[in-house]
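Here the structure is laid out as structure tokens; the discussion comes afterwards.
The values are calculated or read from the model by the stated rules, or taken from the named source; none is laboratory data. Model, not experiment: these values are computed from the prediction. Every residue, glycine among them, receives a Cβ derived from its backbone with ideal geometry; neighbour counts consider all protein chains shown. Just the protein is used for accessible areas: all its heavy atoms, side chains included, with ligands, DNA and RNA removed. Shrake-Rupley method; radii C 1.70, N 1.55, O 1.52, S 1.80 Å.
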Amino acid sequence: MYTNTSHREGVAIIALSGGIDTDAAPKPERELTTLVRKGNRKILLDFSEVTSISSSGLRVLLSTSKKITDPQVKFGFCCVGPEVNEIMKLTGVTTIFTIFSSVGDALDEWK
Amino acid sequence: MHLTNGSDLLKNQGWQPVPGDEHAEIFPCTRKVDTNSSNSYIISTPSQIVLIDPGGSMEQMDLLATEIERIRGANPRPVFVYLTHAHIDHFMVMQSHPFFSGPRRPTNAAHATGAASLQNADNATTQADMFEIQLNPMHIPIQFFAPDFEQETEFFEICPLEAPCVRVQESDITINEHLVLKRQIVVSGPHDRIEVYSLPGHSHDSICIRVGGLLFIGDLLVAASPGVAGIRGWSQQELLVSLQKVHWLLLNEDIRICCPGHGRLISSAGAEAVFATMEKEAYFLAEIQEINPEWAKQTARYANDLMVRVAETFTIMAGRCYRAAHILEELEETGEAENLSGLVCLDTIDSILADFHRFNEDYRAGNQRDVHLAMKAGQITAKLEAVYRTGQLDLVIDPYLVKRVERLLSDYITIFRGFQPTIEREEFELDILVGHCIEMLVSPPCSDEDLITLADDEALYRQALVKRLVYVPVFEETPVSFDPSEYPFSVVADRERLQDLIASILEDVAGTGGEQITVSDSKETNCGFVTISAEFSGRGIDFPGERLGFMIKECELSGGFLSCEKVGEVMSIVIELPAL
């Protein structure tokens, strides 16, 4: 799992790549925690390059979102590919997370 | 180098006396069970050194060669290599390790049939082709149980430097009027006696070798195991007879420890029990299909597709539990959330699947062969079944999902054992089955009325609430309409498999963004059809080919045929079934 963090229009964008499984899931979690601690209030996980997600991956994403206790912090995903989207839809987590179709959509929404 | 300890019966990688033979010592080299290499054993006597099954690991052979050179240096003696049978994992190192070439090379001994396979570099009977290996011919001077064997044969000048003389005597054991155990006794010195028994079944050339109270049994112990039973040269009839003979040996001869080709050493009593169980299992293996490279290729492909399906289904189930636990925690029902997460070892299952995923990536990179992937999937399936069985997922998750994983795992084990999964064909009305299937998918497991009714009983209410939270209304946004045929008709198929197939197609279509999903059934002459159609507006239809291939296989196991049509933005999946 590779992560790359960039900033656009006040939004911290963590681009993920590869599969999010037991081994890989803690990495974006750490990155996200650091960003929140540093005072970022808008955090977007970019799934463009994510190929698969396991149950541990889902668990970590849920647990990460739970750690964001500050209601001012906006947290969402974008560019979720069809395979990962299917898993998210069938597990029902799409109702918990805010999911945008593109980075641009997220930036527009969070302006 | 670290090799796992094989047993408490003998110290691994250490010298110790051979029980029942005061002149011999043994150096066992046992390892964790794998397909690359067998266990190896060095026997040292005053007049010879015998290496039984050099194996397939160069690292292991380095260790053995060092040990043999050390004891040969202290007391120069000829070295012999005995093969319990000529399968690649028992002799591969002999093809390339320097220990087996040059003037001081050891002298090889094997069953005459195995010797012929090795001399002819037969890639099929040696199983080399299962691992995509090309053999070089090997010379086997000492051959047991050759058809033209005289009562007593002396092998002279078989090793250029040491010129040992080995005498082999035929000495069959009559167990009863119907059962004769073919035995040959090898004598190469005043105190050296090695007995060789012909015990085919695992392969035509399988022998067991006895030194004192030790019996080297090759792969006899695993001859009825999945992925082993059915390999070329395997014979159910021969195996059943050999099991009777080895049972007699264990009961009537002073054999204390059995030294297998793979895995831990086992006491004579323990082996007796295993052989008795094997005998029962082997009776059911008459219809087993041949395990060959084509089987490995097909099974590896099936394993790959199946594990993707298992992982997906498991992720959906676990993800639903995690999501529900997340909501329960928000509702400050921490206890219920913990109970939910603890229902089954979700993390354990996830890490087992991740292990297969890593192995599969290695396979895709070309580092593993088909047979390795098939074997790995066999191990993973067994582990998953063991963990899964102890869980209580069906208390909260839709039972059809739980059953799906159970069935997929069971199907793989059946195929891995060399059989075909059973198709339980029965006659039923197609309309009723399809209607029931859709109803099952769109209805929550616990209705609003149920929740209100149970509100007075806290425990039952919580249970129902959890079940309701775990349920995901997948078809709320993408409703499914059913258009039954005008005249109901019956089909003959595996009802349970068909229902699950339809459910999984509907979930896949909804999950991949299909809209306006319609299901219809119809009949033409002797065929019934279920057609599932959906629109994929704007996004294009993205249904992975591997998944479609797996669905086709699943449909065959339901007793039907599946096809997929794409016209414009509409995809239709058609299941064809024999109708009455």
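Residues that are open to solvent by less than 50 Å² (accessible area, probe 1.4 Å) and assigned to a loop (DSSP other than H, G, I, E, B) were ranked within the stretch B:250-294; the one that is nearest to residue B:224 (Cα to Cα) is B:288.
Hey, any hits in the stretch A:51-64 for a residue that's modelled with pLDDT of 85 or more, assigned to a helix (DSSP H, G or I), in contact with a Gly (Cβ under 8 Å, 6 or more places away or on another chain) and surrounded by 20 or more Cβ atoms within 10 Å (Cβ to Cβ)? No. The set of residues from the stretch A:19-32 being outside any strand (DSSP E or B) and open to solvent by less than 40 Å² (accessible area, probe 1.4 Å) comprises A:21, A:24, A:25, A:28, A:29, A:32.
Taken together, the criteria exclude residue B:57 from residues that are surrounded by fewer than 24 Cβ atoms within 10 Å (Cβ to Cβ) and touching a strand residue (DSSP E or B) at 6+ places or on another chain (Cβ under 8 Å). Scanning the stretch B:109-120 for residues being touching a Pro at 6+ places or on another chain (Cβ under 9 Å) and either open to solvent by 20 Å² or more (accessible area, probe 1.4 Å) or within 22 Å of residue B:295 (Cβ to Cβ) (or both) gives a total of 3. So which residues in the stretch B:467-502 are away from chain A (no Cβ under 14 Å), modelled with pLDDT under 90 and either open to solvent by less than 10 Å² (accessible area, probe 1.4 Å) or more than 13 Å from residue B:431 (Cα to Cα) (or both)? Within the stretch B:467-502, just B:479 meets the criteria. If we scan the stretch A:68-81, do we find a residue that is of a type in the set (S, T, N, Q), open to solvent by 20 Å² or more (accessible area, probe 1.4 Å) and either under 19 Å from residue A:103 (Cα atoms) or in contact with a helix residue (DSSP H, G or I) (Cβ under 8 Å, 6 or more places away or on another chain) (or both)? Scanning the stretch A:68-81 turns up no residue that is of a type in the set (S, T, N, Q), open to solvent by 20 Å² or more (accessible area, probe 1.4 Å) and either under 19 Å from residue A:103 (Cα atoms) or in contact with a helix residue (DSSP H, G or I) (Cβ under 8 Å, 6 or more places away or on another chain) (or both). The listed residues are B:90, B:23, B:85, and the only one of them that is assigned to a helix (DSSP H, G or I) and closer than 25 Å to residue B:268 by Cα turns out to be B:90. Can you spot a residue in the stretch B:445-462 that is at pLDDT below 80, open to solvent by less than 80 Å² (accessible area, probe 1.4 Å) and within 14 Å of another protein chain (Cβ to nearest Cβ)? Yes, the stretch B:445-462 has at least one match. Residues of the stretch B:357-371 that are in contact with a helix residue (DSSP H, G or I) (Cβ under 7 Å, 6 or more places away or on another chain) and open to solvent by 10 Å² or more (accessible area, probe 1.4 Å): B:359, B:360, B:363, B:368, B:369, B:370.
Between A:16, A:35, A:44, the distinction of being more than 9 Å from chain B (Cβ to nearest Cβ), open to solvent by less than 50 Å² (accessible area, probe 1.4 Å) and either touching a residue at least 40 places away in the same chain (Cβ under 8 Å) or part of a loop (DSSP other than H, G, I, E, B) (or both) belongs to A:44 only. Sort out which residues of the stretch B:503-525 are away from every other protein chain (no Cβ under 14 Å), surrounded by fewer than 21 Cβ atoms within 10 Å (Cβ to Cβ) and either more than 17 Å from residue B:537 (Cβ to Cβ) or of a type in the set (Phe, Trp, Tyr) (or both), and write them in order of number. Across the stretch B:503-525, the qualifying residues are B:520, B:522, B:523, B:524, B:525.
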